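Trainee: Mind looking over this structure? Questions follow.
Only the coordinates and a few stated rules stand behind these numbers; no lab work does. From a predicted model like this one, the values you see are computed outputs, not experimental measurements. Neighbour counts run over all protein chains shown; Cβ positions are idealised from the backbone, glycine included.
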Amino acid sequence: MTPSIRLRSVVLDCPDARALARFYAGFAGGTPEDADPEWVVLRLPDGPRICFQRAPGHVPPRWPGARRRTSACLRGPERSQLAVLA
């Protein structure tokens, strides 16, 4: 049976669409299409598109129970994860 619904894009609000798209491209692959600084599209090699929409005044969510750690003591993936959550 062929699925009737297909996920094509995921859209993330962020303060800097180009910077966040480059960050995701660094570990997920693809090349950001950033002709417009307000809206950047990252086409993943084997997945949906991730779109980044500039949202002035964006406030990142605060996750319940999340502990804050300083990035100075983190390396590699842990530091990248902290940057995504910030």
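Trainee: Work out how much length I5 to D36 would gain on full extension: take 0.36 nm times their residue separation and subtract the Cα-Cα distance, in nm to one decimal.
Mentor: Details: separation 31, 0.36 × 31 = 11.16 nm, distance 2.86 nm.
Gain on stretching I5 to D36: 8.3 nm.
Trainee: Between R49 and F27, how many nm apart are label points set 7 Å from Cα along the C-beta direction?
Mentor: Spacing of the two 7 Å Cα→Cβ label points: 2.4 nm.
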